[in-house]
Amino acid sequence: MHPRLLLADLEEHPLRQRLNNEFHARPPIPLLGAMLVSHLVFKHSATVAQAEKENLSKLCQGHVCTAIDSSDSHVLIETGAFRMRWELHTEFSSYTFFQPLMPGQELDPEATAFDAVNPEWLKGIPGKLIVATHVEMRAADELPPDSVLAGLSPDGRTMVASRVADNTAWIFTDFKINNGFSRFLVINEGMTQRQAGRTVQRLVEIETYRMMALLGLPVAKEVSKWLYTGEKELAALMDRIGLAKGGDDERDILANMSRLAAEVEHSVARTTFRFGAARAYHGLVMQRIEELREQRISGLPTFAEFMQRRLLPAMNTCEAISRRQEELSARVARNSQLLRTRVDIELERQNQELLGQMNRRAKLQLHLQEAVEGLSVVVLTYYGSQLVQYLAKGTKDLHHLNTDLITAASIPLIAGLVAWGTRRMRKKLAAEDAGAH
């Protein structure tokens with residue numbers, strides 16, 4: 001650190017150097033003269049970084065290696081037989097091998113830039129091969145562009161070609177896999193070493209990101225079949241909502257709607273990353289093509305035109321399926337909320353009826369209690385009056401006998417009146433309950 005910064009005792013952010021190094025990581029490798037570049041990409045999970053680094057250390061066991069540039073996600077190795085650059089990305093890693101060619105050297109159809117690498121080392125690379133491409137770079141005086149154009153057959157495979165880097169280079173490819181590799185031919189008419197390196201890097205990145213973007217297409221086709229079924233099921237459930245005759249029907253529809261919502265959200269969670277990655281990779285493809293600064297070659301489509309015609313429809317399919325998923329999820333949520341509102345209203349109505357029944361029962365019970373209390377007052381008043389009469393008239397035996405007889409005879413009558421009033425109130429209560437139900 002600068003002495004003035006040390007004197008000021010400034011605390012440096014722990015990520016400052018790392019972030020700045022990442023900003024300058026993976027610069028294009030300057031290329032001079034004829035060159036064969038072989039680019040391999042392996043699709044893998046995010047947990048194989050350590051395994052890849054261990055396998056990289058084995059590469060130099062049979063060669064004298066010099067690490068020109070190295071970081072956690074980028075290594076550039078120089079050997080006497082080849083130069084190799086390794087890059088680690090989120091879901092893939094790339095291995096780019098560079099091998100110089102002699103001017104005028106005939107290239108064997110089976111030749112690769114990693115011929116000097118032990119096949120056992122290649123076998124130890126984690127992941128599955130998804131991209132394998134060759135970039136052959138020649139000088140214009142060694143391989144004139146007119147001779148390449150003359151060799152193109154009008155009835156042959158579609159060839160993509162353009163002039164790039166301010167018309168200082170020609171690029172030819174058909175994006176087809178032949179003998180395990182796709183191929184690019186670059187004819188250098190005046191590019192500098194750094195221009196040549198940037199052009200080759202953009203070509204291998206176009207091929208890499210093109211294939212990674214297309215990983216979303218099979219997922220979109222798979223989800224499309226399920227979406228059709230899900231949309232039909234939602235329409236059928238909406239028809240059932242209109243025909244529902246009671247709370248039981250609505251609760252059954254709501255259960256099916258909740259199940260459908262869970263399936264839709266599972267599909268969205270499973271495919272969101274893939275569709276988002278496809279969108280991002282497609283953006284990178286188009287950005288790299290734009291950086292080539294293409295100029296049309298008469299009679300041949302440019303890279304941008306070819307991608308618009310072949311890659312863009314696939315990306316539009318992924319985008320449409322992603323949008324249909326989100327729309328289906330929103331529709332299920334809206335319809336579920338509507339149905340829940342209907343169920344809640346029905347439950348509130350039933351609760352109101354139940355509260356009304358409870359209120360009527362409470363009133364009837366209050367009336368019954370008041371009637372019983374009234375009859376009890378009559379009985380107590382009668383017995384009190386008889387007691388006063390008995391005390392007022394003295395203790396004559398005959399009168400006492402008559403009073404006892406009257407009292408004994410009146411007890412069943414009063415009891416009967418109380419029982420009759422109680423039964424009448426209970427019958428009224430039962431009748432009102434039956435009417436409420």
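The values are calculated or read from the model by the stated rules, or taken from the named source; none is laboratory data. What you are looking at is a predicted structure, and each value in this text was computed from that prediction instead of being measured. Reconstructed Cβ throughout: ideal geometry from the backbone, glycine too, with neighbour counts over all protein chains shown. With ligands, DNA and RNA removed, areas are computed over all heavy atoms of the protein, side chains included. Shrake-Rupley method; radii C 1.70, N 1.55, O 1.52, S 1.80 Å.
Cysteine residues of the chain whose Cβ has no partner cysteine Cβ closer than 4.7 Å: Cys318.
The loop-placed trypsin sites (Lys or Arg not before Pro) in the stretch 128-187, going by DSSP, that have at most 16 neighbouring Cβ atoms within 10 Å of their Cβ come out as Arg157, Lys176. How big, in percent, is the set of alpha carbon pairs in the stretch 131-274 lying more than 17 Å apart? Looking at the stretch 131-274, the distances longer than 17 Å represent 72 percent of pairs. Ellipsoid fit via the Cα gyration tensor, the stretch 4-52: semi-axes of 36, 22, 7 Å, each the root of five times an eigenvalue, largest first.
When a 1.4 Å probe is rolled over the protein heavy atoms, the share of accessible surface on the stretch 245-316 that falls to carbon and sulfur comes to 54 percent. Charge tally around Glu231: other residues with Cβ under 9 Å, Lys/Arg +1 each, Asp/Glu -1 each, net +2. In degrees from 0 to 90, rounded to the nearest 10, what is the angle of the helix 216-243 Cα long axis to the longest principal axis of the chain? Approximately 20 degrees, to the nearest ten.
Starting from one equal scatterer on each C-alpha and no solvent at all, send me the Debye-based log10 I(q)/I(0) for the stretch 271-360 at q = 0.26 Å⁻¹, two decimals. Debye intensities relative to I(0), on a log10 scale: -1.19.
Find how many whole Å separate the alpha carbon centroid of the stretch 257-290 from the alpha carbon centroid of the stretch 307-363. Their Cα centres are 23 Å away from one another. From largest to smallest, the equivalent ellipsoid semi-axes obtained for the stretch 42-115 from the alpha-carbon gyration tensor read 25, 15, 11 Å.
Near Ala111, within a Cβ-to-Cβ distance under 15 Å, what is the net charge of the other residues, with Lys and Arg +1 and Asp and Glu -1? Residues near Ala111 contribute -3 overall. With the whole protein complex present, Ser385 retains an accessible surface near 60 Å², based on a 1.4 Å probe.
Across all directions, the shadow cast by the convex hull of the stretch 1-137 built on its C-alpha atoms averages 10.9 square nanometres.
When a/c is below 1.5 the answer is rounded, else prolate if a/b is larger than b/c, else oblate, so apply that to the stretch 308-370 with a ≥ b ≥ c taken from the square roots of the Cα gyration tensor eigenvalues. Since a/c reaches 1.5 and a/b is larger than b/c, the shape of the stretch 308-370 is classed as prolate. In the stretch 141-209, inverting the average of 1/r over every pair of distinct C-alpha atoms gives 13.0 Å as the Kirkwood radius.
Taking all Cα pairs closer than 8 Å and separated by 6 or more residues, the relative contact order of the chain comes to 14 percent.
How do Val160, Val372, Val388 rank by accessible surface area computed with a 1.4 Å probe, from largest to smallest?
Solvent-accessible surface, decreasing: Val388, Val372, Val160.
Once the mean of 1/r is taken over each pair of separate Cα atoms and inverted, the stretch 91-158 shows a Kirkwood hydrodynamic radius of 15.3 Å. Summarising the label geometry, the points placed 7 Å from Cα in the beta-carbon direction at Glu222 and Ser71 lie 3.4 nm from one another.
When every Cα-Cα distance of the chain is counted in 20 angstrom steps from zero, the calculated P(r) takes the values 17, 30, 18, 11, 9, 8, 5, 1 percent.
Can you give the extra length, in nm with one decimal, that the chain gains between Thr229 and Arg18 once fully stretched, where that is 0.36 nm per residue apart less the Cα-Cα distance? Taking 0.36 nm per residue and subtracting the Cα distance, the gain is 71.0 nm.
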